[in-house]
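First up is the structure itself, then whatever we jot down about it.
Taken together, the values in this text are just the output of simple stated rules run on the coordinates, not laboratory data. Everything numeric here is computed off the predicted structure, so don't read it as measured data. Here Cβ is always computed from backbone atoms with ideal geometry, including for glycine, and neighbour counts include all displayed protein chains.
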């Protein structure tokens, strides 16, 4: 149903957090075009229209190839800082106050970026994000699963040795098909013992069995995507009972052809079964997604009411890794906005 002007204004004013966004995938079109002109060998178009066509993904594997091509153009701390500050500006424009950003150190190392360059870019960008845009950023260091246990080992060592300010979680990304979650169990166990939260991807391009493995083998506290959980009633019941949230990215799922359309997305089924769900953008410029847009699409296409959108925002704050006091402050802002717009809490 069409979104009213008042509901649109409510979404725009709603304090939000973003819990599933990849740093490389957050690169704005202008940033990618500038990088492409500097690094033509990467094969990324330096023309705006050609780049738009480059971002027309045939399937998930094609998306990964495009993603890796963009990533290969990041060479030093200045490129990383540019991405971080650009992401913060985009988040601030949508009244997003906090984000947990996925970074893949192993891939940057393979592309020739020294670890200290990556860390300096992250630290400088994070400070500027707070000072210039009022956005607080935290980091998730993730394993590129397709590169196997060596990538897992090196990601763990880097994360625990460097332990930069803002590092809160340990993840697992990349393709799921043929990349079992269980092989990474030792690294997730060590990361959890060191105080990092477990947030692997699972059930985006594979079935519920991958989600079960992430839960049992990796001790997942949140699941990246997890949309295939909707096909398994027992899994839905488990997720709801144990309050294991799913970081859902509807537009991403459509653009990588994991679901046919937003109308076919299982978001409503997940919510109806009591699963804790958060809305996220994944790789926003690559998918033409915005956080506001995800909320508005949930209202317009899936029929979520204003109070349900507010609940999604509350859930995201609650299952984030923010300190308790900061969670209380943001939740209070959401409650005040709900009262202002007259929605029943």
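Observations, loosely collected:
- Label-point separation, residue 341 to residue 47 (7 Å along Cα→Cβ), nm: 4.2
- Helices in the chain, meaning DSSP H runs of at least 4 residues, each add -39500 (n - 2.57). Divided by all residues, the mean residue ellipticity at 222 nm is -15500 deg cm²/dmol.
- Whole-number percent relative contact order across the chain, with pairs defined as alpha carbons under 8 Å at least 6 apart: 19
- Separation of alpha-carbon centers, the range 273-342 and the range 169-198, rounded to whole Å: 26
- Residue 5 versus residue 29: modelled label distance in nm, points set 7 Å from Cα along the beta carbon direction: 2.8
- Taking 135, 149 and counting other C-beta atoms within 10 Å, the order from fewest to most: 149, 135
- Separation of alpha-carbon centers, the range 81-151 and the range 47-69, rounded to whole Å: 21
- Virtual paramagnetic centre 7 Å along Cα→Cβ of residue 149, amide N under 12 Å, in the range 180-221: 182-187
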